1. Protein chains only, probe 1.4 Å: how do Asp25, Asp39 rank by accessible area, largest first?
2. Within the accessible area of the range 26-146, what % is carbon and sulfur when the probe is 1.4 Å and the other protein chains stay in place?
3. Among residues other than Ser117 whose Cβ falls under 14 Å from its Cβ, what is the net charge (Lys/Arg +1, Asp/Glu -1)?
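The values are calculated or read from the model by the stated rules, or taken from the named source; none is laboratory data. Predicted model only: the values in this text are computed from it and were never measured. As a convention, Cβ positions derive from the backbone with ideal geometry for all residues, glycine included, and neighbour counts pool all protein chains shown. Ligands, DNA and RNA are stripped out before the accessible areas are found, and what is left, the full protein with its side chains, is counted by its heavy atoms. Shrake-Rupley method; radii C 1.70, N 1.55, O 1.52, S 1.80 Å.
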Amino acid sequence: QVRSFMQSKQEHRENSLKSNLYLLDNVDLKGKVAVVIDDSIVRGTVIEDAVSKCLQAGVRKIYWLSGTPPIGVIVNGEPHGCESGVDMPPTDIFAINRYGGIEGIERRTGAKVYYISHEGMFEAIGIPKEQLCYYCIGGPHPFYSK
């Protein structure tokens, strides 16, 4: 099974969600507050689908927590993404840009969105940032600097 964000086309990512993302029938969510913890928000496909399903099930409020800072940010006019093997080139259509920031993602999905900070992420994984590539979330290019 390939993770949905890794599919090469948006249509394939959406089809993958249809068969892999669902709510359990035996859980009553009507009137509840849901907290969803996700590893990241890339293009917005997962958060849109998941929040829609939760709202249809009657969830009153949704908090979406991302374990990665915004992916695909634009820093000093330079779009960031992955140029090292993950199918997320800097020219991709990332949710943070497509929807106009965190507030735009919230308006589009209906969830309250919280991202971990860069410092919080580095502390959580316990590896100094100097030993990591984090270009996709606004860090320096791993091979060259301008």
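1. Numbers: Asp25 155, Asp39 70 Å².
Accessible-area ranking of Asp25, Asp39, largest first: Asp25, Asp39.
2. Result for the range 26-146: 55 percent of the exposed heavy-atom area is carbon or sulfur.
3. Values: positive: Lys129; negative: Glu119, Glu123.
Once all neighbours under 14 Å are counted, the net charge is -1.
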